[in-house]
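Trainee: The structure's right below; bear with me while I get my questions together.
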Amino acid sequence: MHDAERGPRKLSLSRELLLLARSAESLRVSATHSAHPANRGNLHDLILVIAGGLLLFRDRIRLAELVVVGEVNPGVIICKGNEADWSEDGPGVIAEWSREEAIERAEADRRGIRARLRWELRDRTPKSFVLHKKPEGNR
């Protein structure tokens, strides 16, 4: 999680975006290469590969979004390709959560879930009501 000498690992959003751009380019090259008449051996397999790659691409973008809004620990997606240099800092660099912060966030989530459940389970007995019809002559 943390390196005692350097502190927490940090996610570089620009490096993450570069990884995503390279992934998109790889999918494009695969599709272009397979479109050539000499390479149309098994189009079905290519479609499955590209579809799977797009699903992974979509999920990674969603995960990066959750990191940016603070819903997910950046440590979940930090890898060699997107880890910020120890000296990098700024708005596009997000440090992974400390153990204490991860625990506090998990406990806050648990408290929120419990409160939501209590609210949902409060008195759910059906309420009845009576509609009174106005007399015909009154408006």
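The values are calculated or read from the model by the stated rules, or taken from the named source; none is laboratory data. A quick note: this is a predicted structure, and the numbers were derived from the prediction, not measured. Positions of Cβ are generated from backbone atoms using ideal geometry, with glycine treated the same way; all protein chains shown enter the neighbour counts.
Trainee: Based on this model, can you work out whether Arg124 counts as in a helix (DSSP H, G or I), of a type in the set (Lys, Arg) and over 17 Å from Leu20 (Cα atoms)?
Mentor: Judged against the criteria, Arg124 is not a match.
Trainee: So which residues in region 112-130 are at pLDDT 75 or above and either touching a Leu at 6+ places or on another chain (Cβ under 7 Å) or farther than 30 Å from Leu13 by Cβ (or both)?
Mentor: Arg114, Ala115, Arg116, Leu117, Arg118, Trp119, Glu120, Leu121, Arg122
Trainee: Now for a different question. Checking Ile103 against (1) assigned to a loop (DSSP other than H, G, I, E, B); (2) over 13 Å from Pro8 (Cα atoms), only one condition comes out false. Which one?
Mentor: All conditions pass for Ile103, except number (1).
Trainee: Based on what the data block shows, is Leu54 at pLDDT 85 or above, aliphatic (A, V, I, L, M) and touching a Phe, Trp or Tyr at 6+ places or on another chain (Cβ under 8 Å)?
Mentor: In short, no.
Trainee: If I ask for residues that are at pLDDT 80 or above and exposed (fewer than 11 other Cβ atoms within 10 Å of the Cβ), which ones from region 28-44 would you list?
Mentor: Across region 28-44, the qualifying residues are Val29, Thr32.
Trainee: Can you go through Glu83, Glu107, Glu88, Glu65 and tell me which one is out of contact with any Gly (no Cβ under 8 Å at 6 or more places or on another chain), surrounded by 15 or more Cβ atoms within 10 Å (Cβ to Cβ) and among the charged types (D, E, K, R)?
Mentor: None of the other options fit; the residue is Glu83.
Trainee: Quick check on Ile47: is it more than 19 Å from Leu19 (Cα to Cα) and surrounded by 12 or more Cβ atoms within 10 Å (Cβ to Cβ)?
Mentor: Considered against the rule, which asks whether it is more than 19 Å from Leu19 (Cα to Cα) and surrounded by 12 or more Cβ atoms within 10 Å (Cβ to Cβ), Ile47 comes out as yes.
Trainee: Please pick out the residue among Gly81, Gly53 that is in a helix (DSSP H, G or I), over 9 Å from the mean Cα position of the chain (by Cα) and under 27 Å from Leu13 (Cβ atoms).
Mentor: Of the residues listed, the single one that is in a helix (DSSP H, G or I), over 9 Å from the mean Cα position of the chain (by Cα) and under 27 Å from Leu13 (Cβ atoms) is Gly53.
Trainee: Which count do you get for residues in region 76-106 that are small (Gly, Ala, Ser) and either farther than 13 Å from Gly7 by Cβ or touching a helix residue (DSSP H, G or I) at 6+ places or on another chain (Cβ under 6 Å) (or both)?
Mentor: Total satisfying the criteria: 5.
Trainee: Related question: Would you check if there is a residue in region 106-117 being of a type outside the set (Lys, Arg), touching a residue at least 40 places away in the same chain (Cβ under 8 Å) and assigned to a helix (DSSP H, G or I)?
Mentor: no
Trainee: Another question, if that's okay. Output yes when any residue across region 76-83 is farther than 26 Å from Leu20 by Cα and free of Cβ contacts under 8 Å to residues at least 60 places away in the same chain, and no when none is.
Mentor: Checked region 76-83: no residue is farther than 26 Å from Leu20 by Cα and free of Cβ contacts under 8 Å to residues at least 60 places away in the same chain.
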